[in-house]
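K.L.:
Below is one structure. I have some questions about it.
The values are calculated or read from the model by the stated rules, or taken from the named source; none is laboratory data. It should be emphasised that the depicted structure is a prediction, and the values quoted were computed from it without experimental measurement. For neighbour counting, all protein chains shown are included, and Cβ atoms are generated from backbone atoms with ideal geometry for every residue, glycine included. Please note that ligands, DNA and RNA were not included when accessible areas were found on the heavy atoms of the full protein model with its side chains. Shrake-Rupley method; radii C 1.70, N 1.55, O 1.52, S 1.80 Å.
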Amino acid sequence: MPLAVRNITFSSADPKRLADFWAAATGYTQRRDSGEEVLLAPDDWSFPRLDFQHSPTPTSGPGRVHLDLTAADMAAEVDRLIDLGATELWTIDVAQSGTTT
């Protein structure tokens, strides 16, 4: 499997309100609220999903939105992207992500 966008993640002072807007805009019907975070997905929970995370002071520039990426061989994809000029900030093992797909 090539590299795929898993989540598009937004930092927001009001993630529930932002999620309400994007649910209406995209028609995503599946929603998981967990305190400081809201996850939206299509009916089949396919990707990409929209993730809204609480941040009391979200930045106005870079970092307000980021992509969560997934691949069958994440280590190989990280190496490939670094070779293309990317900088690895962090990698989360699927076991730590809280999801299995």
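K.L.:
Ignoring ligands and nucleic acids, what accessible area does residue 70 show with a 1.4 Å probe (Å², nearest 10)?
P.N.:
Answer for residue 70: close to 20 Å² accessible.
K.L.:
Can you give the local net charge around residue 25? Use residues other than it whose beta-carbon is closer than 14 angstrom to its beta-carbon, Lys and Arg +1, Asp and Glu -1.
P.N.:
+1
K.L.:
Can I ask one more? Relative to the longest principal Cα axis of the chain, at what angle does helix 74-83 sit, 0 to 90 degrees, rounded to 10?
P.N.:
Between the helix axis and the principal axis of the chain, the angle is about 80 degrees.
K.L.:
Most fluctuating residue of 40, 81, 50 in a GNM of the chain with Cα springs under 10 Å: which is it?
P.N.:
For the chain, modelled as a Gaussian network with Cα springs under 10 Å, the answer is 81.
K.L.:
Sticking with this structure for a sec: When the chain is fully extended, how far beyond the present Cα-Cα distance does residue 73 get from residue 54, taking 0.36 nm per residue of separation?
P.N.:
Here the answer is 3.8 nm.
K.L.:
Same structure, new question: Run the helix sum for the chain: -39,500 (n - 2.57) per DSSP H stretch of 4+ residues, divided by residue count, reported at 222 nm to the nearest 500 deg cm²/dmol.
P.N.:
Calculated at 222 nm, the ellipticity per residue is -6500 deg cm²/dmol.
K.L.:
As an exercise, take the mean of 1/r over every pair of distinct alpha carbons in the chain, invert it, and state the Kirkwood radius in angstroms.
P.N.:
14.7
K.L.:
Would you please give the residues with an amide H less than 5 Å from that of residue 6, counting only those at least 5 places away or on a separate chain, with H modeled from the backbone geometry?
P.N.:
Hits under the 5 Å cutoff: 68, 69, 70.
K.L.:
Could you check which residue among 73, 33, 51 shows the biggest mean-square fluctuation in a GNM of the chain with a 10 Å Cα cutoff?
P.N.:
73
K.L.:
Report, to the nearest 10°, how far helix 15-26 tilts away from the longest principal axis of the Cα atoms in the chain, using its own Cα long axis and a range of 0 to 90°.
P.N.:
Between helix and principal axis, roughly 80 degrees.
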